[in-house]
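J.: Got a structure for you, questions after.
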Amino acid sequence: MEIEAASAMMKKGMDTTDPDRDYQCRVHEVKLETHDPDEPKETRNDVALTWEDVWVMVSDKSKGVKPILQGVTGYARPGELLAIMGPSGCGKSTLLDTLAGRLSSNTRQTGDILVNGHKQALAYGTSAYVMQDDILLATLTVREAVYYSAQLQLPDYTPVSEKRERAETAIREMGLQDAVDTRIGGWGTKGLSGGQKRRVSICLEIVTRPKLLFLDEPTSGLDSAASYYVMSRIASLGQRDGIRRTIITSIHQPSSEVFQLFHNLCLLSSGRTVYFGPASAATDFFALNGFPCPTLQNPSDHFLKTINKDFDVDIEQGAPGKISTEEAINTLVKSYGSSPNCQEVLGEVARINKQGHGAPAKGGSHAKFVTQCLVLTRRSSLNMYRDQGYYWLRLAVYIIVAVGLGTIFSDIGSSYSSIQARGSFLVFVASFLTFMAIGGFPSFVEDMKVFARERLNGHYGTGAFVVGNTISSIPYLLLISLIPGAIAYYLTGLQRGWEHFLYFVAVMFTCMMLVESLMMTVASIVPTFLMGIITGAGIQALMILGGGFFRLPNDLPLLIWKYPLYYIAFHRYAYEGLFKNEFEGLKLPSQPGNKTSFISGEQLLTEIWQMNMEYSKWVDLVVLIGMVILYRVMFLAIVKGTEVVKPAMVVCTSMTPEQTKQIMMNPSD
Ligand SMILES: Nc1ncnc2c1ncn2[C@@H]1O[C@H](COP(=O)(O)OP(=O)(O)O)[C@@H](O)[C@H]1O
Ligand SMILES: [Mg+2]
């Protein structure tokens, strides 16, 4: 009711002053939807969240352990909006992460966090988290992005029309209907404004209509009118479709209108609770403790000013008579601890936990794995098609290089010197042409970021991502191995015959896939894309050296180079396959002065190139394909492994509250 009153008031007040009237009206005309009859009954449960004496610590080199949150207690009730406020660095994001169960692995956490009075992980579909950064696929339009998100997350039994409707509703709710067909943009391509991107990020998460919504600073980067409308939409999500949603948001600088939308306020300073309770009572609390809010001042500005100690020195110098912010904070924290507000919070936490809202919150259904793979393949193909840097630029460069190769080695002939020339040509193709597959890495890293966000939010798993990425890249890789491959092959005049040409293209294609798979694995280990490119290039350079061409297999130093590098470098199998493909069946003139005037291709392979002839070129191709699969499985295992290991590490390293308090009392220990 408060929200409606506030929004009505706002509308009245702003109608005459705001030039963006259309926008306001549109945001307010959002329909009230009827409840989804397909939704299983048990998922309609409300979610109440309580947390008691939550501590979060990180290891710090200088201090040993640094507390980020210090004994925070609070609750979030269904149908209500809880705002977490405080100066930057006070622990707002950390509190949200803690409540959503997604703290990073280097932190230790203690304290009870209960969902409907039960200790449990938040099930899929129950909660959604909108991160502070907008990590979006730049090439998609708003409608596509939101619709893909709906397809990825909503269960298969939801009809397509319903999925579309949900996407459209989410877009309308966030006031994006004028930008539905605009590409999101980024990376120098102009698209949406920062504020619109924020709203798209919110849309992607609310299509599932979660019962519990976490938002990390949803209004940063928005102007005050847009902030108000975004927040009022978020607030109204609290009570729609007959479902009462629990919304927890951190917020940096709310205007007084936005402030009125909050039911409860959690005010933090350096990880300590300065105030928790009804937002409307916060001003009284501050006034009671000697910090009355000056008339005509935005209460939230007043609170933040009172508890921001980052600029303490300036304040002390400027006004010597005033008490320092540190003291002010200590006074407030202390008096909050002994205030009736604090007792009320404890009482409410106990009441919610006892009441328990019936059963623990159960999760909703998920889209099936196959559906997710299909949707991801479609989305990824579209992204690859539109992102010129992904494959198109590479295709152009490959064609130029292929023409270069074709002219340098044109009409290679069948003289004795053509043996060396053939070798160089094939090695260049297998090593350097495929090496250039690194060029798509920056685009892939963007994909990975989106994947990391969506995986963390539980949209889909690593398996679906790998399948989607693999299938969608196949047509493009085929294109860039077939066209440049044909140009280089026929200009040079290598062995004629379809089988030989197709084998050549197949090896080129597999090697490019291999390099992409290798880069995928690298991307899962190395944190930034520059480091990824350097690492990937380094690994490939070593493999080329150990591949058995620049130093023949029998001359390779045994340690490292021969065992194991010669056996694990994919270049070795690529060289072997391509050489066998080219030389087998050829008859070339032997070195002048030799007894016989001709030498067979097979002889050349064993005597000059020292290749293993015990198996055919097809075995080499199969090994290469096996390596593609192996690298992709490795990527999957690494991502999955960190998923399992990280939470286990958190459990192993978490301390009891007693230990935490001891550390706090003896920080030097
Ligand atoms: N995983 C982490 N490791 C080390 N320090 C961290 C970690 N997470 C947060 N911090 C530190 O904790 C403090 C609070 O961070 P955060 O919760 O992001 O603040 P904010 O209120 O701005 O969202 C910051 O000083 C930050 O550097
Ligand atoms: Mg933050």
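The values are calculated or read from the model by the stated rules, or taken from the named source; none is laboratory data. A quick note: this is a predicted structure, and the numbers were derived from the prediction, not measured. Neighbour counts are summed over all protein chains in view; Cβ atoms, including those assigned to glycine, are modelled from backbone coordinates with ideal geometry. Note: accessible area is taken over every heavy atom of the protein model, side chains too, but ligands, DNA and RNA are not part of it. Shrake-Rupley method; radii C 1.70, N 1.55, O 1.52, S 1.80 Å.
Table: residues versus (1) of a type in the set (Ser, Thr, Tyr); (2) outside any helix (DSSP H, G or I).
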site: 427; (1), (2): no, no
site: 458; (1), (2): no, yes
site: 473; (1), (2): yes, no
site: 487; (1), (2): no, no
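J.: Looking at the stretch 59-78, I want the residues that are touching a residue at least 12 places away in the same chain (Cβ under 8 Å) and have a partner that is of a type in the set (Asp, Glu) and open to solvent by 20 Å² or more (accessible area, probe 1.4 Å) with Cβ atoms under 7 Å, at least 6 apart or on another chain. Which pairs are those?
T.: 64/669; 71/53; 73/52; 73/53; 75/348; 78/46
J.: Do we find a residue being outside any helix (DSSP H, G or I), open to solvent by 30 Å² or more (accessible area, probe 1.4 Å), out of contact with any strand residue (DSSP E or B) (no Cβ under 8 Å at 6 or more places or on another chain) and at pLDDT 90 or above anywhere in the stretch 375-392? Reasoning before the result, please.
T.: So the first thing to find is which residues in the stretch 375-392 are outside any helix (DSSP H, G or I), and the list is 387.
Still in the running and open to solvent by 30 Å² or more (accessible area, probe 1.4 Å): 387.
Of the ones still in play, those that are also out of contact with any strand residue (DSSP E or B) (no Cβ under 8 Å at 6 or more places or on another chain) are 387.
Narrowing the set further to residues that are at pLDDT 90 or above leaves 387.
The answer is yes, given that some residue of the stretch 375-392 is outside any helix (DSSP H, G or I), open to solvent by 30 Å² or more (accessible area, probe 1.4 Å), out of contact with any strand residue (DSSP E or B) (no Cβ under 8 Å at 6 or more places or on another chain) and at pLDDT 90 or above.
J.: Looking at (1) open to solvent by 30 Å² or more (accessible area, probe 1.4 Å); (2) in a helix (DSSP H, G or I), which is the only condition residue 527 fails?
T.: (2)
J.: I need the full set of residues from the stretch 67-118 which are assigned to a loop (DSSP other than H, G, I, E, B), within 12 Å of ligand 1 (Cβ to nearest atom) and either farther than 26 Å from residue 645 by Cβ or open to solvent by less than 20 Å² (accessible area, probe 1.4 Å) (or both), in order please.
T.: Residues of the stretch 67-118 assigned to a loop (DSSP other than H, G, I, E, B): 77-80, 86-91, 101-106, 116-117.
Of the ones still in play, those that are also within 12 Å of ligand 1 (Cβ to nearest atom) are 86-91, 102-106.
Correct list: 86, 87, 88, 89, 90, 91.
Let's see how each residue does on (1) open to solvent by 40 Å² or more (accessible area, probe 1.4 Å); (2) in contact with a helix residue (DSSP H, G or I) (Cβ under 9 Å, 6 or more places away or on another chain); (3) away from ligand 1 (no atom under 16 Å from the Cβ):
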| residue | (1), (2), (3) |
| --- | --- |
| 218 | no, yes, no |
| 226 | no, yes, yes |
| 236 | no, yes, yes |
| 251 | no, yes, no |
| 280 | yes, yes, yes |
| 301 | yes, yes, yes |
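J.: Here is a list: 219, 295, 208, 249. Which entry is assigned to a loop (DSSP other than H, G, I, E, B) and within 16 Å of ligand 2 (Cβ to nearest atom)? Before the answer, list the steps.
T.: Details: 295 fails: within 16 Å of ligand 2 (Cβ to nearest atom); 208 fails: within 16 Å of ligand 2 (Cβ to nearest atom); 249 fails: assigned to a loop (DSSP other than H, G, I, E, B).
None of the other options fit; the residue is 219.
J.: Which ones in the stretch 580-589 are outside any helix (DSSP H, G or I) and touching a Leu at 6+ places or on another chain (Cβ under 9 Å)? Steps first, please.
T.: Here is the first cut: in the stretch 580-589, the residues outside any helix (DSSP H, G or I) are 584-589.
If the condition is that a residue be outside any helix (DSSP H, G or I) and touching a Leu at 6+ places or on another chain (Cβ under 9 Å), then 584, 586, 588 are the ones that fit.
J.: Can you find, within the stretch 99-123, the residue that is farthest from ligand 2 (Cβ to nearest atom) among those that are closer than 17 Å to residue 77 by Cα and within 20 Å of the chain's Cα centre (by Cα)?
T.: Among those residues, the one meeting the criterion is 122.
J.: Please go through the stretch 588-608 and give me each residue that is surrounded by fewer than 16 Cβ atoms within 10 Å (Cβ to Cβ) and in contact (Cβ under 8 Å) with a residue 60 or more places away in the chain, ordered by number.
T.: 591, 592
J.: Could you please find all residues in the stretch 132-154 being part of a loop (DSSP other than H, G, I, E, B), under 12 Å from residue 203 (Cα atoms) and hydrophobic (A, V, I, L, M, F, W, C)?
T.: We begin by selecting, within the stretch 132-154, every residue part of a loop (DSSP other than H, G, I, E, B); these are 132-140, 154.
Restricting the remaining residues to those that are under 12 Å from residue 203 (Cα atoms) gives 134, 136.
Result: 136, single match.
J.: I want to confirm something. Restricting to the stretch 532-561 and keeping residues that are open to solvent by 30 Å² or more (accessible area, probe 1.4 Å) and assigned to a loop (DSSP other than H, G, I, E, B), which single residue is nearest to residue 520 (Cα to Cα)?
T.: Among those that are open to solvent by 30 Å² or more (accessible area, probe 1.4 Å) and assigned to a loop (DSSP other than H, G, I, E, B), it is 561.
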